[in-house]
Amino acid sequence: MSETPTVAEQAAPPPPDGSPSDEGRPDRQPLAFMLTHQSGVVIVVALIIALAVGALLIRLQGVAPLFAYETLIKQALFVPDGLTRTLQKTAPLVLTGLAVVLPLRVGLFNIGGQGQLIFGAMFGAWVAYAAGGYGILGAVLGMVAGIVAGAFVGWIAGVLKATRGVHEVITTIMLNYIAAGVTWWLVTGPLQAESSKTSGIPQTELIPESAQVGAVAKIPIGFVIAVVLAVACWWMLSRSTLGFRFNTVGANKHAARYAGINISRIVTLSMVLGGGLAGLAGALEAEGTLYRFEPAVGGTLGFDGITIALLARANPLATIPAAFLVGVLRTGAAGLQFETGIAPEVVDVLLATILLMVSIPVLGKWIFRSRADKVSAASTSWGN
Amino acid sequence: MTTAWIAKNRTTLIVTVVVLVAAYVFYYAKNGIAPSMYTSAWGYAIPLVLAALVGVIGERSGVVNIGIEGQMLVAAFAGFFASAYSGSLLVGVLAGIGSGLILGGFLAWTTVKWRMDQIIAGVVLNIVATGITSFYYTPGKQLPGLMPSFDVPLLSRIPLIGDVFFTGTSIFATLAILAALAVHFGLFHTRWGLRTRSVGEYPSAADTAGINVLRLRLVNVTLAGSLAGCAGVYLSMDASSSFERNMVAGRGFLALAIMIMGAWRPLRAFVMAIFFGFINAVASQLQQSGNFDVPPQLTGTLPFVVTIIVLAIAAGRVRAPGAVGQPYIKGDE
């Protein structure tokens, strides 16, 4: 990662003379390449298979699958305020999806969305409460605080990867647990709401109504922000110099180094931006849904971001429909439990199946009967 | 030969002797470390040892296994509920190990045969494990009994070591020690080990030498799943005799970090796991003693903070197997 080769690089067996290195080979392309060149048909097939697997689970619980799916869709979209709630749920999902997409373009796998989000939620809620007297300014300050807090968590992983070569998957997972512990301490200690101290409920003070992020004409403001940022990320990646650097580092590190790109800086920056987006997702959840911080604020948002990013084939614009799909499933699942008693975790199984299907290179091969499958290597060696 | 061996392992030997002497001194010193700390450290280390061995076997053969967490969770779930419903501990243990094998096989098949990205395969495994175990979780079940405990003859009479490792011990504790020794011997002193390491370092060379790369990877990753199964069963049936949602709580990921710190060597990973056990024991001791005003929520994050710090120091000094993370395609190079 750094300019001088690490021990691992030096000790790795040199490629045989005349043969290009791994990066140059078409079927050894990084994950980002595979995802951006995957056919949309694969995604449709993945959805169908996932729904079939979910149907089986629902059937085993003694509920008719079609009825269950109908209830789910109805609850998510067609009950009063259903769509607003779904969009409210979609907003942080778009952002956690983008939090995975940006580092993925550089070749990093950010599975720390959960920790970055919960940190952002904590500080977003705190600042929005403290600055609540200033109205909209308070709300904005809360979001900025969320971005900074999330970016800080992302920065730790990014800088360790760039300077010390510590694999980001390990650090982001560890940071998830650390962020959970630190925020849990804050919310049961220094930042606990006065009214909750006697009852012991872990929550912060309620954000004043003037600093809450609500909805305009039934469209949540958070959703608008998320869509704008998705477009901004798309523009950045496809139209700006920075995006060109991101894609170059992700596609071929050696070429990027020859081109004079500061790889360490790009790697760190991608994690900082990703962390900031996840942090903003947390701040929006705190300011727009719960109006305070609670340890359960993250839910599964961070991990859903991984599914969304891969489903969106690392394309920022595609995170919007992907997040909407996940938002519908998650919102509907809550209503589904109310109506039929099916545990909402069935959605986890659905999403995991989708994730599995879209990331199997063979699926593309089966469908097209060609060597269309692209092998990925997001999981490069731990050492470098 | 002996002197050469000593020279080669000088640092390791010195560290081992220093640690052992320190352990004995603190054990027998007045106001030293309470004996319960040693036992609690080892208790925390047992699943970490088993899980780290899963990682070592997988990565030595060239497959990253980030799904250990999920394998352990499902095994803990399967073991607990199988024995709760059947009324037999043995059935539970077998179910746990079996589920570990199945998930190991799943990971092996998707990554080796289908060449799926190994990290994503592991992430999928973890999400499925969390979803399935929460979906089918039913509260209020109980184990039919406690896991049997026993003293290992002779060895349990050694001061300190015997007290901690061999007195009132369970099959899983013994298994963790035996498995670490066996994997070490297997990796570095048998034909299987040489082949496994070559497949993980330079698969095309191994292929040229006539080793079936894909089959060896498949078999290794699948069989390693049984150890993850044991680690999971230990958590729900031996260490706690109850199943809770997400009860593995990051141990599967800690095990991966331990594997890296142990430089992909089973015995060093064993020592690192015990080191982590000690960190955890110290953390809970701090919590109980009340001498230090450290909130318990923060002491709980200590193992994870230490992991990041140690990795930041260790990275660059240790070397991963050459072909880790890369699927092997015959005739590609």
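FYI, it's all coordinate maths here, none of it is from the lab. Predicted model only: the values in this text are computed from it and were never measured. Note: ideal-geometry Cβ built from the backbone for every residue, glycine included; neighbour counts use all protein chains shown.
Brief remarks follow.
- Remark: the Cα gyration tensor places region A:198-279 in the oblate category, a/c being 1.5 or greater and a/b not exceeding b/c.
- Fraction in percent of alpha-carbon pairs per bin - 10 Å, region A:243-292: 25, 34, 19, 16, 6
- Solvent-free Debye scattering, log10 I(q)/I(0), computed from the Cα coordinates of region B:1-113 at q = 0.09, 0.16 Å⁻¹: -0.45, -0.92
- Most mobile of B:Val248, B:Val17, B:Val233 in a GNM of chain B (Cα contacts under 10 Å): B:Val17
- Full-extension gain in nm, B:Thr174 to B:Asp151, via 0.36 nm per residue minus C-alpha separation: 7.2 nm
- Distance distribution P(r), region B:63-215, all Cα-Cα pairs, bin width 10 angstrom from 0: 10, 25, 31, 23, 10, 0 percent.
- Region A:29-368 shape via C-alpha gyration tensor axes, a/c threshold 1.5: oblate
- Peptide A:159-170, shielding by other chains (average Cβ, 10 Å cutoff): 5
- Based on Cα contacts under 8 Å between residues 6+ apart, chain B shows a relative contact order of 32 percent.
- Proximal charge balance of A:Ala128 [Cβ under 12 Å; K/R count +1, D/E count -1]: -3
- Shielding by partners - mean other protein chain Cβ count within 10 Å, residues of B:294-307: 6
- D_trans [Stokes-Einstein, Kirkwood Rh over alpha-carbon pairs] for the protein assembly as shown, 37 °C, 0.692 mPa s, µm² s⁻¹: 125
- Mean residue ellipticity, 222 nm, helices only, chain B: the sum of -39500 (n - 2.57) across DSSP H runs of n ≥ 4, divided by residue count and rounded to 500, is -21500 deg cm²/dmol.
- Sorted by Cβ neighbour density within 10 Å, fewest at the top, the residues B:Asp207, B:Asp163, A:Asp304: B:Asp163, B:Asp207, A:Asp304
- The mean number of partner chain beta-carbon atoms within 10 angstrom of a residue's beta-carbon across peptide A:334-344 is 1.
- Label point at B:Ser242 placed 7 Å out along Cα→Cβ; residues across region B:126-149 whose backbone nitrogen lies under 12 Å: B:139-143
- 5 Å binning of all Cα-Cα separations within region A:221-340, expressed as whole percents from 0 upward: 2, 9, 16, 21, 18, 13, 9, 6, 3, 2, 1, 0
- Span-like helix ranges in chain B, DSSP H, alpha carbon extent 24 angstrom or more, Kyte mean at least 1.0: B:10-28, B:68-86, B:89-108, B:118-135, B:171-189, B:213-233
- Cα gyration tensor category, rounded, prolate or oblate, for region A:196-239 with a/c compared to 1.5: prolate
- Spherically averaged projected area of region A:60-209 from its Cα convex hull (nm²): 13.2
- Cα point-scatterer Debye curve for region B:199-318, base-10 log of I(q)/I(0) at q = 0.20 Å⁻¹: -1.25
- Dividing the Cα radius of gyration of region B:237-286 by its Kirkwood radius returns 1.04 for Rg/Rh.
- Working from label points 7 Å from Cα in the Cα-to-Cβ sense, the B:Tyr85 to A:Arg265 distance is 5.9 nm.
- Nearest-0.05 FRET efficiency for B:Thr3 and A:Ser210, computed from C-beta distance (R0 56 Å): 0.10
- Rounded to the nearest 20 debye, the dipole size of region A:29-368 about its Cα centre is 1140 debye, using +1 on the Cβ of Lys and Arg and -1 on the Cβ of Asp and Glu.
- Normalised Debye scattering of chain B at q = 0.09, 0.10, 0.12 Å⁻¹ gives log10 I(q)/I(0) of -0.49, -0.61, -0.87, counting only Cα atoms as equal scatterers and leaving out solvent.
- Within the shell defined by Cβ-Cβ distances under 12 Å, the residues around A:Arg330 carry a net charge of -1, with Lys and Arg each +1 and Asp and Glu each -1.
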